[in-house]
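Computed from the coordinates by the stated procedures, all read-outs in this text should not be read as laboratory data. All values derive from a computational prediction rather than experimental measurement. Note that each Cβ is placed from the backbone with ideal geometry, even for glycine, and that neighbours are counted across all protein chains shown.
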Amino acid sequence: MDLCRVIGTVWATVKVDTLSGYRLLVVQPLSHDLKESGLPVVAVDTVSAAPGQLVYIVKSREASKALEERFNPVDAAIVGIVDEVRTSSGPLFRR
Amino acid sequence: MDLCRVIGTVWATVKVDTLSGYRLLVVQPLSHDLKESGLPVVAVDTVSAAPGQLVYIVKSREASKALEERFNPVDAAIVGIVDEVRTSSGPLFRR
Amino acid sequence: MDLCRVIGTVWATVKVDTLSGYRLLVVQPLSHDLKESGLPVVAVDTVSAAPGQLVYIVKSREASKALEERFNPVDAAIVGIVDEVRTSSGPLFRR
Amino acid sequence: MDLCRVIGTVWATVKVDTLSGYRLLVVQPLSHDLKESGLPVVAVDTVSAAPGQLVYIVKSREASKALEERFNPVDAAIVGIVDEVRTSSGPLFRR
Amino acid sequence: MDLCRVIGTVWATVKVDTLSGYRLLVVQPLSHDLKESGLPVVAVDTVSAAPGQLVYIVKSREASKALEERFNPVDAAIVGIVDEVRTSSGPLFRR
């Protein structure tokens, strides 16, 4: 899974039918020191995440396993909200 | 899913049979501030997207779930046209 | 799918049995202005592509869908030869 | 599989139900000279790895094969703890 | 598939049961001029490759298709030893 920060919301009227009803958030992957790095990802939100929160996402086919209706063209889903990231030198992040 | 801008169209006469009848667009992945970044992707268009529009694509095996006939060698499909991307500091994009 | 240019051929005597009989080409992914970019890919040729040609490839599990015998350890296949790439400012490539 | 070093632990109260009970570690991919490189990955620990250890992870759909209950939204799992990495010029790493 | 050079061997006592009995090699992806580039990969060896050899690997789910027992948490396998890479300007590599 990938550590990401929620940075925005996506609105789309025209979309594939099977994507209706999902909340789509823009999340930004993070480096080991929690700096934003790489390209953002549009992920289905399954845990009611809010902008600014640290989350982890699952990608590829596994993402659809996080949804109730599994036959969807979805390749990224937020599956957890991070409370804390702890390293050997102490907490790196605390919610 | 990945935020992309539609930048072109691909024409191909010689191709795998099962790819006939699909409209192929060239889309360019975007960074968090919507700048073009990384390598372009050739994606099947399922939502009648137009050049210049902001879209999101689904990749890998999940792409074929966006098509009626699912047994196709397709690893990228446009599944939504973006109306708006909103961040905590306001709209980043409005169609 | 990814836009690539065919840059070479791979010969291998020692290989997994199920890979016998496939023609393997080295293809180089291209940027939006068709410059070579990133690492090359060894792809199964299903459309009789020739060195120098612009093609698009399908990757991951979807690649095996392009082959007659589908149970093969193949993660990249050339599925089309590009005739033309057209952008809003005109043709970017013509065969 | 990817060579990684375990760099931390992730705690999350709010998460997808099917992810309960798994220990999640933050691992950092390594270059050929074992320098940390690229973005960290949140991986399910199946081998009781400890911070600082060198491990290898499996990604994508194959990760769920490492778990007893396979229908989980998991795309990365630690599947081995490295004792030694040996190159032609001698051991690169020894536990 | 990806062109790689075999650069080392990985030893691991603690690992997922289903990975026992496989020989794991460290391979380094190569650029179009066969320079080492990007992060190394730990791949199951199915063709008795030796350090220094040029090989091609298959990744993701397709890797397990190269193994006799297919239900394994494996996402990379060496499936061929390269004899020659030939470009339009002549041989780039000969074993």
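Can you give the Rg and Dmax of region E:1-85 based on its C-alpha atoms, in angstrom?
12.4, 39
Using amide H atoms built in the peptide plane, which far-off residues or other-chain residues are under 5 Å from C:Leu92 H to H?
When sequence neighbours closer than 5 places are left aside, the close amide H contacts are C:Val85, C:Arg86, C:Thr87.
Please give the charge dipole size of region C:1-91, origin at the Cα centre, charges +1 on K and R Cβ atoms and -1 on D and E Cβ atoms. Round to the nearest 20 debye.
Working: 9 positive and 11 negative charges, 20 e Å.
So the dipole magnitude of region C:1-91 works out to roughly 100 debye.
How far, in nm to one decimal, is E:Glu68 from itself in the other copies if the label point is set 7 angstrom along Cα toward Cβ? Shortest first, please.
Nearest to farthest, the other copies are at 2.9, 2.9, 4.7, 4.7 nm.
Can you give the average number of partner chain beta-carbon atoms within 10 Å of each beta-carbon in peptide A:26-33, as a whole number? Provide the component values of the computation, followed by the final result.
Details: counts 8, 1, 2, 3, 2, 5, 11, 1.
Mean inter-chain Cβ contacts per residue within 10 Å come to 4.
Among E:Ala77, E:Thr9, C:Gly38, which residue has its Cα furthest toward the positive end of the charge dipole of the protein assembly as shown, with +1 on Lys/Arg Cβ and -1 on Asp/Glu Cβ?
Farthest along the dipole direction, towards plus: C:Gly38.
Kindly give the distances from B:Thr13 to its copy-mates, label point to label point, with each label point 7 Å from Cα along Cα→Cβ, as nm values to one decimal ordered shortest first.
4.1, 4.1, 6.6, 6.6
Given region A:20-69, what whole percent of its Cα pairs are spread farther than 16 Å? Please report the intermediate quantities before stating the final value.
On the way: 511 of 1225 pairs.
The proportion of pairs with Cα distances above 16 Å equals 42 percent.
With each label point set 7 Å from Cα along the Cα-Cβ vector, what nm distance links D:Ser37 and B:Ser88?
Between D:Ser37 and B:Ser88, the simple spin-label model gives 3.4 nm.
What is the packing order of peptides E:8-15, B:88-95, taking the mean over residues of other C-beta atoms within 10 Å and listing the highest first?
Working: E:8-15: 18.9, B:88-95: 12.1.
By packing density, highest mean first, the sequence is E:8-15, B:88-95.
From the mean inverse distance of alpha carbon pairs (Kirkwood) and the Cα radius of gyration, derive Rg over Rh for the protein assembly as shown. The partial results should precede the final answer.
On the way: Rg = 21.6 Å, Rh = 22.7 Å.
Computed over Cα atoms, the ratio is 0.95.
Applying the Karplus parametrisation 6.51 cos²θ - 1.76 cosθ + 1.60 with θ = phi - 60° to the phi angles of region C:25-41, what ³J(HN,Hα) value in whole Hz is obtained for each residue in order, glycine and proline being reported as x?
Couplings: 10, 8, 10, 10, x, 10, 7, 5, 9, 6, 8, 5, 7, x, 8, x, 10 Hz.
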